[in-house]
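Beneath this line is the structure, given in structure tokens, with notes to follow.
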Amino acid sequence: MFGFGRSSPRKSTPRPAAVTVNGRELPLTVREHARATRMTLRIEPGGQALKLTIPRGLPGREIDDFLTRHHGWLMTRLARVTDAGPLAQDRIIAIRGVDHRIEMTGKLRGLAEEAEIGGVRTLMVSGSPEHVGRRVADHLKRVARRELDALVRKHAAALGKPVRAIAYKDTRSRWGSCTSEGNLSFSWRIAMAPDFVIDYLAAHEVAHLKEMNHGPDFWATCTALCPRTKEAKRWLKQNGSRLFAVTF
């Protein structure tokens, strides 16, 4: 996020709908906010788009000037999350925080399997090359369901709270959610994160079964369930965009 104070109005100029950064054209959503006193630029999860919040009635030329001044900042930040392209043979994918090299088996059918070949952690993937992304995503979904289902049960039992249902989605705005009815939802992309981060996400959503807020009591509950809460939050802040940037 980057903020910049509002300056005096200038001659009206059309607002930009996209910004070119590092050779990529990224969609730009400009949203007016009545209470905004400055421009706030955010990179959407995965680095696939930009969102700019501005004071109401701000001229387009001021937006252009703002984006020009912070082009270098965008180049630096987006370089960290830019996806290297579709998954394929020899590409690397993280599974529970451990890098795995993708190896095509040549078989038409079969689930992806983790293995160690010549000391290298490997994900054996069957099917045709154009389906690699889908096969890898399916494997990550299975990993997420296996790990999170067990962790949710453990943490819920510790709190004595029932869980009604658990869903897995490819969400881009949040890693998880919890309703007052006990319905939990997770982004299966968390399967790429280290185990302690997966544990934190489960603890976070289960803690909401007791505290439907983010107050001190909530964080105390979350930390009691997952002692590495602060470390996991820091990891997600630093690395979460990279997980969203992977194209399946």
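Read-outs: derived from the displayed coordinates by stated rules, not from any lab. Everything numeric in this text was worked out from a predicted model, so none of it was measured. Quick reminder, even Gly has a Cβ in these numbers, built from the backbone with ideal geometry, and neighbours come from all protein chains shown.
If R₀ is 41 angstrom, what is the calculated FRET efficiency for the pair D99 and D65, using the beta carbon separation as r and rounding to 0.05?
The calculated FRET efficiency here is 0.45.
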**Message:** Taking the Cα of K237, stepping 7 Å toward and past its beta carbon, and measuring to each backbone N in the range 25-61: which are under 20 Å?
**Reply:** 40-47
**Request:** Would you calculate, for the chain, the mean residue ellipticity at 222 nm contributed by helices, counting each DSSP H stretch of 4 or more residues as -39,500 (n - 2.57) and dividing by all residues, to the nearest 500?
**Result:** -11500 deg cm²/dmol
**Message:** How many angstrom lie between the Cα centre of the range 196-248 and the Cα centre of the range 73-144?
**Reply:** 25 Å
**Fill in**
Cα-Cα longer than 21 Å, checked against K154/K210; K107/K169; K161/K230, kept in input order, equals K107/K169; K161/K230
**Message:** Give me Rg/Rg_expected for the range 90-152, where Rg uses Cα atoms only and Rg_expected = 2.2 N^0.38 Å with N residues.
**Reply:** 1.12
**Inter-label distance for R121 and K230, nm, one decimal - labels placed 7 Å from Cα along Cα-to-Cβ** = 2.7 nm
**Pair R134, Q89: separation of 7 Å Cα→Cβ label points (nm)** = 2.0 nm
**Request:** Starting with the highest mean, order 159-171, 121-133 by the number of other Cβ atoms within 10 Å, averaged over the residues of each peptide.
**Result:** 121-133, 159-171
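Could you sort 219-229, 104-114 so that the peptide with the highest average Cβ count within 10 Å comes first and the rest follow in order? Show your work: numbers first, answer last.
Working: 219-229: 18.5, 104-114: 12.4.
Ranking the peptides 219-229, 104-114 by packing returns 219-229, 104-114.
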**Prompt:** Mind listing the phi-derived Karplus ³J(HN,Hα) values for the range 96-111, rounded to whole Hz, using 6.51, -1.76 and 1.60 with θ = phi - 60°, and x for any glycine or proline?
**Reply:** 6, x, 10, 5, 10, 7, 7, 10, 6, 7, x, 7, 7, 10, x, 6
**Request:** Take every Cα-Cα pair in the chain and report what % of them are more than 34 Å apart.
**Result:** 32 percent
**Prompt:** For the chain, what is the relative contact order in percent, using Cα pairs closer than 8 Å and at least 6 residues apart in sequence?
**Reply:** 17 percent
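At a 10 angstrom cut-off on C-beta neighbours, averaged per residue, how do the peptides 53-63, 200-210, 23-33 rank from highest to lowest?
Working: 53-63: 16.4, 200-210: 24.0, 23-33: 12.3.
By packing density, highest mean first, the sequence is 200-210, 53-63, 23-33.
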**Request:** Starting from the Cα of T20, step 7 Å along the direction of its Cβ; do the same at S173; then give the gap between the two resulting points in nm.
**Result:** 3.2 nm
